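Report on the following structure.
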Number of protein chains: 2
Amino acid sequence: MKVAKFGGSSVANAEQLTKVGNIIRSDQDRKFIVVSAPGKRFSDDIKMTDMLIALGTAYHNGEAYEENLSSVKNRFSEIIEELKLDLSVLDEIEHSIKSALSVEGPLESRMDAIKAIGEDSSAKILSAYLTDQGLPAFYINPQEAGIIVSNEPGNAQILPESFDKIYSLHEKEGILVIPGFFGYSKEGNLVTFSRGGSDITGSIIAAGVKAEMYENFTDVDSVYSVNPNIVRNPKEITILTYKEMRELSYAGFSVFHDEALIPAFREKIPVCIKNTNNPEAPGTLVVAEKEASEKCVVGIASDTGFCSLYVSKFLMNREIGFGRKLLNIFEDEGISFEHAPSGIDDMSVIFRDKRFTAEKENSVVNRIKEELRVDTVSIHRDLAVIMVVGEGLVNTIGVAEKATSAFAKAGVNIEMINQGSSEVSMMFGINASEIDKAIQSLYTSFFE
Amino acid sequence: MKVAKFGGSSVANAEQLTKVGNIIRSDQDRKFIVVSAPGKRFSDDIKMTDMLIALGTAYHNGEAYEENLSSVKNRFSEIIEELKLDLSVLDEIEHSIKSALSVEGPLESRMDAIKAIGEDSSAKILSAYLTDQGLPAFYINPQEAGIIVSNEPGNAQILPESFDKIYSLHEKEGILVIPGFFGYSKEGNLVTFSRGGSDITGSIIAAGVKAEMYENFTDVDSVYSVNPNIVRNPKEITILTYKEMRELSYAGFSVFHDEALIPAFREKIPVCIKNTNNPEAPGTLVVAEKEASEKCVVGIASDTGFCSLYVSKFLMNREIGFGRKLLNIFEDEGISFEHAPSGIDDMSVIFRDKRFTAEKENSVVNRIKEELRVDTVSIHRDLAVIMVVGEGLVNTIGVAEKATSAFAKAGVNIEMINQGSSEVSMMFGINASEIDKAIQSLYTSFFE
């Protein structure tokens, strides 16, 4: 049995839903279907979830919300009409919108109920469509499916007891269509996951039913070995491990939320990333372990927005506790660091600069000067991180040479190298302005 | 004015002391002379300091010590006779040995007094010899010189108030010969520095008198760019910065105690390493700053005896405080770590394995498992660290390529690279068994 999850672009309109229907029909193993809210149909389109947030916000603020409400309804009714479904589906959706708007209690709980309408309606529409097409499909509410979560609006965490309940979905006949993105607290409140949470639902269902595979349908044929905005027509990755996926996701690969996959990863369920618009393409398979292959590098990821803080202090390495004290200041200031390479009398801390305001910088630098009595402390913003990723990379002679020559060929100075702490990646730090030529040169070296 | 310090081999016998006399005579700026205890005259010889430790131990244990005592006296009398000095010098030395043996108080204090006889006697002999040669030389006791230290036997620390007192040595006429290795506490007790402490004395005197140069006379022409036991006839280093010296000293360069130089470094006094047996050779100059030269790598150092501990935990980088907690365990267990490179879900800690017993390993590993709930933790012993050192290395394109190709050419797998945390070095970790071929290949790439 497989769990198939369809993302926003796969359920954006009637045409896409028809494709989804065909995909489900073509493989009898696709018993558990998880859907997102309708996504964009064209680049300037508004995602259903954003429409619902606008509706909820206007309603909460006592502003006119009728226009928001009718755009939501229109979007659904358009899909329903095009699919020539019974209008009772629309009635049901309208009813659930009304219920969501009238949820009592804190704002966040009502907002969660409103946001969840996108996925919930997608599931209702798809199950009606599949039934209409003669398939034995049933809408299953997450509560009925057994998705019991913590009561943290917008950031629900699955509770361990859910999985046994979910496993019993096997007993149900037919194709089960489950809305993604939300579950229910023990008290019965609807609570949403963090954004992108349909991936989380899919992964939870896959883990719960112990699926043979978790298929994640999106709008690309596969995961690419490098960002296609930097390198034209890059090679596709056919298979990669969870670890490789994690390292690639970390630095800019955003095919999906890698953390969403944790429940599936824990059960060692293979994940397949496929394209709704080209279901014949093999996609990219993400597995717990793979055979050692000759090519040890599977992908090159990159991300900007990093910052490094450098401190030097004579005889630092004789001072037991220095590193710990430095990291303690970061922890105190609520900054999660990414790496902290150290030399003899020097140490750097690399972190994302998103929340590192000038004020925060001031406070961190002052504390370091006062509490650690360092000789120098300096900050370097606009740092880019490049990850060269592949299982077995650490045990292959010459990979570091290949990578470093690629930088030299591109005339890019390497500010930082960190190899060996991870068994599946090498990390490089360079100036953000040189990212494109560095990546292009690395791609040529490793893939051409 | 210069401070010249002569190491153990330079004062090992009459022949060496004659060379020292010529060196002092040849440059009128050599006003402040610091001496070690007589060192080895041939490879199986016993250093004076070790003879004195044996004497002190036997005396303390109530064992027969007469033989030890006479070997000490014989060694000095031999030097004095060969230099044809007045025997009153020997009387003075014998008198000071007697006083040292009768020191009251804790064992450590008496031991310090006995150990100090080596340097103290060297200074007395040298000043007598210089006087005999018609030079205006005077023995200056460290107390008279103003070397006031903390009362920690065997590990004295200089007290800040010393420096003003030392500066007033300028008022004294002639050449001042000061024994290295010890000072006096405020209470007037003789206290020794850590072993190799004559370098400390020389550096303190240089800082105190604000010398134009601190000359460190030893038995090599210069600092070599690489360990001569691994590469035959390696290039000599003519000039290097304090920082470069520190990085080279860290991994195996042991021309002298780099920490001993701190007082001189703080005052930015240039240090020159010279050879008593070949004083015409320019030696190696160690300076605070040097001109940027084309060759950015000055030396390659290496050391074995490192150990790495690797931990992995899914989603580690989301866990604020993980790194700090891990380093905290090391601190708790009294292990000073050298480097702690981290990946996304992985972190390594590199440290010296000297005191990392099997028992300690067990305790550290168990704490990490229990307190940090990691997925895996493993230990890798027999790691060697190689430092490629040079100012400006970080800003030079292609250095990393040159270094990594050298490893690849030698067929050596790189376990670890850490670049960028220090501005003057790149660190590599490899298996200790492959150190020679790696170093030879690196040397060929950078120096031939």
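Total residues in the stretch A:367-382 satisfying the condition of being surrounded by 12 or more Cβ atoms within 10 Å (Cβ to Cβ) and within 13 Å of A:Leu326 (Cα to Cα): the figure is 7.
A:Asn216 meets each of the listed conditions (1) buried (at least 24 other Cβ atoms within 10 Å of the Cβ); (2) touching a Ser or Thr at 6+ places or on another chain (Cβ under 7 Å); (3) of a type outside the set (A, V, I, L, M, F, W, C); (4) closer than 27 Å to A:Thr18 by Cβ apart from (2). Checking each residue in the stretch B:177-205 for being among the hydroxyl-bearing types (Ser, Thr, Tyr) and either within 21 Å of the chain's Cα centre (by Cα) or on the phi > 0 side of the Ramachandran plot (or both) picks out B:Thr192, B:Ser194, B:Ser198, B:Thr201, B:Ser203. Which condition breaks for A:Glu331 when tested against (1) at pLDDT below 90; (2) part of a helix (DSSP H, G or I); (3) out of contact with any Lys or Arg (no Cβ under 8 Å at 6 or more places or on another chain)? Failed condition: (3).
For (1) out of contact with any helix residue (DSSP H, G or I) (no Cβ under 7 Å at 6 or more places or on another chain); (2) at pLDDT below 90, each residue gets a yes or a no:
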{"position": "A:Ile269", "(1), (2)": "no, no"}
{"position": "A:Lys274", "(1), (2)": "yes, no"}
{"position": "A:Asn278", "(1), (2)": "yes, no"}
{"position": "A:Lys290", "(1), (2)": "yes, yes"}
{"position": "A:Glu294", "(1), (2)": "yes, yes"}
{"position": "A:Ser302", "(1), (2)": "no, no"}
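Screening A:Val311 against (1) within 9 Å of chain B (Cβ to nearest Cβ); (2) crowded, with 19+ Cβ neighbours inside 10 Å; (3) of a type outside the set (Gly, Ala, Ser); (4) over 26 Å from the mean Cα position of the chain (by Cα) leaves a single unmet condition, (1).
When you go through (1) at pLDDT below 95; (2) farther than 23 Å from A:Leu17 by Cβ; (3) not acidic (Asp, Glu) one by one for A:Ala54, which number turns out not to apply? Of everything listed in (1) at pLDDT below 95; (2) farther than 23 Å from A:Leu17 by Cβ; (3) not acidic (Asp, Glu), A:Ala54 misses just condition (1).
Restricting attention to the stretch B:407-443 and to residues that are more than 30 Å from the chain's Cα centre (by Cα) and among the small types (Gly, Ala, Ser), the residue that is surrounded by the most Cβ atoms within 10 Å (Cβ to Cβ) turns out to be B:Ala410.
Being under 21 Å from the mean Cα position of the chain (by Cα), within 21 Å of A:Ser121 (Cβ to Cβ), touching a residue at least 40 places away in the same chain (Cβ under 8 Å) and in a strand (DSSP E or B) is a condition met by no residue of the stretch A:156-176.
Just to be sure before I move on: is A:Ser96 within 18 Å of A:Tyr139 (Cα to Cα) and either within 31 Å of the chain's Cα centre (by Cα) or not assigned by TED's automatic domain parsing to the domain that holds A:Glu119 (or both) in the structure I sent? Criteria met by A:Ser96. Can you pull out every residue in the stretch B:319-344 that is surrounded by fewer than 23 Cβ atoms within 10 Å (Cβ to Cβ), facing another protein chain (nearest Cβ under 7 Å) and either under 16 Å from A:Glu247 (Cα atoms) or among the charged types (D, E, K, R) (or both)? B:Arg324, B:Glu331, B:Glu338, listed by residue number. Exactly one condition in (1) within 29 Å of A:Asp258 (Cα to Cα); (2) over 31 Å from the mean Cα position of the chain (by Cα) is not met by B:Ala340; state its number. Status for B:Ala340: all satisfied but (2).
Taking into account only those residues within the stretch A:407-420 that are touching a residue at least 40 places away in the same chain (Cβ under 8 Å) and either out of contact with any Phe, Trp or Tyr (no Cβ under 7 Å at 6 or more places or on another chain) or in a helix (DSSP H, G or I) (or both), which is farthest from A:Cys307 (Cα to Cα)? Walk me through how you get there before you give the answer.
Going residue by residue through the stretch A:407-420, those that are touching a residue at least 40 places away in the same chain (Cβ under 8 Å) are A:415-416, A:418.
Restricting the remaining residues to those that are either out of contact with any Phe, Trp or Tyr (no Cβ under 7 Å at 6 or more places or on another chain) or in a helix (DSSP H, G or I) (or both) gives A:415, A:418.
On the way: A:Glu415: 12, A:Asn418: 15 Å.
Among those that are touching a residue at least 40 places away in the same chain (Cβ under 8 Å) and either out of contact with any Phe, Trp or Tyr (no Cβ under 7 Å at 6 or more places or on another chain) or in a helix (DSSP H, G or I) (or both), it is A:Asn418.
Being touching an Asp or Glu at 6+ places or on another chain (Cβ under 8 Å) and not small (Gly, Ala, Ser) is true for just one of A:Val3, A:Val11. Which residue is that? Break it down into steps so the answer makes sense when it comes.
Numbers: A:Val11 fails: touching an Asp or Glu at 6+ places or on another chain (Cβ under 8 Å).
After applying the criteria, what remains is A:Val3.
Of the residues B:Asp86, B:Asp120, the single one that is touching a Pro at 6+ places or on another chain (Cβ under 8 Å) and either part of a loop (DSSP other than H, G, I, E, B) or crowded, with 23+ Cβ neighbours inside 10 Å (or both) is B:Asp120.
All conditions but one from (1) under 18 Å from A:Leu52 (Cβ atoms); (2) part of a loop (DSSP other than H, G, I, E, B); (3) not aromatic (Phe, Trp, Tyr) apply to A:Gly134; the one that does not is (1). Exactly one residue among A:Val385, A:Val394, A:Val364 is surrounded by 17 or more Cβ atoms within 10 Å (Cβ to Cβ) and not in a helix (DSSP H, G or I), and that residue is A:Val385. The single residue among A:Thr57, A:Thr18 that is in contact with a helix residue (DSSP H, G or I) (Cβ under 9 Å, 6 or more places away or on another chain), more than 23 Å from A:Gly208 (Cα to Cα) and in contact (Cβ under 8 Å) with a residue 60 or more places away in the chain turns out to be A:Thr18. Note on the stretch A:395-430: residues that are touching a Cys at 6+ places or on another chain (Cβ under 9 Å) and facing chain B (nearest Cβ under 7 Å) total 1. Contact map, the stretch B:262-274: residues that are more than 14 Å from chain A (Cβ to nearest Cβ) and outside any strand (DSSP E or B) paired with residues that are among the aromatic types (Phe, Trp, Tyr) and surrounded by 23 or more Cβ atoms within 10 Å (Cβ to Cβ), Cβ distance under 8 Å, separation 6+ or inter-chain. Pairs shown: B:Ile269/B:Tyr214; B:Pro270/B:Tyr214.
Just to check your reading of the model, which residue among A:Ala145, A:Ala156, A:Ala123, A:Ala116 is touching a strand residue (DSSP E or B) at 6+ places or on another chain (Cβ under 6 Å) and at pLDDT below 95? Full working, then the answer.
Working: A:Ala145 fails: at pLDDT below 95; A:Ala123 fails: at pLDDT below 95; A:Ala116 fails: at pLDDT below 95.
One residue alone meets the criteria, A:Ala156.
Taking only the stretch B:1-43 into account, find how many residues are basic (Lys, Arg), within 25 Å of B:His170 (Cβ to Cβ) and surrounded by 15 or more Cβ atoms within 10 Å (Cβ to Cβ). Walk me through how you get there before you give the answer.
In the first step, residues of the stretch B:1-43 are kept if they are basic (Lys, Arg); the result is B:2, B:5, B:19, B:25, B:30-31, B:40-41.
If we keep only those that are within 25 Å of B:His170 (Cβ to Cβ) as well, we get B:2, B:5, B:25, B:30-31.
Filter once more, so that each one left must be surrounded by 15 or more Cβ atoms within 10 Å (Cβ to Cβ): B:2, B:5, B:30-31.
The qualifying residues number 4.
Determine which member of the set B:Val389, B:Val364, B:Val374 is more than 8 Å from every other protein chain (Cβ to nearest Cβ), modelled with pLDDT of 90 or more and under 22 Å from A:Val412 (Cα atoms).
Exactly one of B:Val389, B:Val364, B:Val374 is more than 8 Å from every other protein chain (Cβ to nearest Cβ), modelled with pLDDT of 90 or more and under 22 Å from A:Val412 (Cα atoms), namely B:Val389.
Looking at A:Ile300, A:Ile230, just one residue is touching a Phe, Trp or Tyr at 6+ places or on another chain (Cβ under 7 Å) and either within 30 Å of A:Ser348 (Cα to Cα) or of a type in the set (Lys, Arg) (or both), and that residue is A:Ile300.
Filter the stretch A:70-83 down to the residues that are assigned to a helix (DSSP H, G or I) and either farther than 23 Å from A:Gly154 by Cα or hydroxyl-bearing (Ser, Thr, Tyr) (or both) and list them by number. Selection gives A:Ser70, A:Ser71, A:Lys73, A:Asn74, A:Arg75, A:Phe76, A:Ser77, A:Glu78, A:Ile79, A:Ile80, A:Glu81, A:Glu82.
The single condition from (1) at negative phi; (2) surrounded by 18 or more Cβ atoms within 10 Å (Cβ to Cβ); (3) free of Cβ contacts under 8 Å to residues at least 40 places away in the same chain; (4) under 29 Å from the mean Cα position of the chain (by Cα) that B:Phe446 fails is (3). Scanning the stretch A:350-394 for residues being of a type outside the set (Ser, Thr, Tyr) and touching a residue at least 60 places away in the same chain (Cβ under 8 Å) gives a total of 21.
The values are calculated or read from the model by the stated rules, or taken from the named source; none is laboratory data. Quick caveat, the model's predicted, so the values are computed rather than measured. Every residue, glycine among them, receives a Cβ derived from its backbone with ideal geometry; neighbour counts consider all protein chains shown.
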